[in-house]
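The values are calculated or read from the model by the stated rules, or taken from the named source; none is laboratory data. Remember, predicted model here, so these are calculated numbers, not experimental data. Counting neighbours? That spans all protein chains shown, and the Cβs are built from the backbone with ideal geometry, glycine included. Areas reflect the complete protein model, heavy atoms only, side chains present, ligands, DNA and RNA absent. Shrake-Rupley method; radii C 1.70, N 1.55, O 1.52, S 1.80 Å.
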Amino acid sequence: MGCWEAQKGFCPRKGKGKGCKWCEGAPDSAGKGGGVWKPQFQKSWGSSWGGSWGGKGKGKGKGKTPAKKTNNELKVWVGGLPQKFSFKALQAHFDQAGKSTWAEGGKGGNGSVCYTTEAEVYNAMTLLNGSVFEGSILQVDQWVKKPTKAGS
């Protein structure tokens, strides 16, 4: 249907041959909008607020890595890692001391390697401390959890 004036080709609200905001979205009108008008309660939240929320929330996160799940006695701290390296190559390097289950690097050239037994952890500390990995000398020590801040 649309606006009666727009059907005749003239809308007094905008001028000759142009539609107004009431008749632009109406079908069969001179406006360029198109579509069917919906009451406010039928419109979706995503289109009226500039995003497509859909009620999905923020999610549950990525989960814990195997290094966070592993007991602290079964991990070694690794320092002196190069800026870019392959985690598979790091794990292969630490497999010399025993079969490692997980290897990862973090910021500042630090990382951790996980094992299944304490004997493998001891072997890694004694054998691989001071070893060369991709041109860098590694420091290997027992994993110690960071102390928590007392004031916060």
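When W37, W102 are compared by accessible area at a 1.4 angstrom probe, the order from most to least is W37, W102. Farthest towards the positive end of the charge dipole of the range 67-142, among the residues V132, A67, W77, is the Cα of A67, using unit charges on the Cβ of Lys, Arg, Asp and Glu. Per residue, the solvent-accessible area of the range 67-142 (1.4 Å probe, heavy atoms of protein chains only, all protein chains present) comes to 57 Å². Just to verify a number: FRET efficiency for K107 and F41, C-beta to C-beta distance, R0 = 41 Å, to 0.05? That gives a FRET efficiency of 0.25. When E134, E104 are compared by accessible area of protein heavy atoms, the largest-first order is E134, E104, using a 1.4 Å probe. If I compute solvent accessible area with a 1.4 Å probe over the protein chains, what percent of it on the range 67-142 is carbon and sulfur? Carbon-and-sulfur percentage of accessible area, whole number: 50.
The H on the amide N of E134, modeled in the peptide plane, is under 5 Å from the matching H of no residue at least 5 residues off or on a different chain. The Cα-based radius of gyration and maximum Cα-Cα distance (Dmax) for the range 67-142 are 10.8, 30 Å.
Computed 3J(HN,Hα) for the range 76-88, one whole-Hz value per residue from the Karplus formula 6.51 cos²θ - 1.76 cosθ + 1.60 where θ = phi - 60°, is 10, 8, 10, x, x, 6, x, 4, 10, 7, 8, 5, 5, glycine and proline marked x. Placing pseudo-labels 7 Å out from each Cα toward the beta carbon at K146 and V132 gives an inter-label distance of 3.3 nm.
Counting charges near T117 (Lys, Arg +1; Asp, Glu -1) among other residues having Cβ under 15 Å from its Cβ returns a value of -2.
Less than 5 angstrom separates the built amide H of W102 from those of C114, all sequence-distant by 5 or more or on a different chain.
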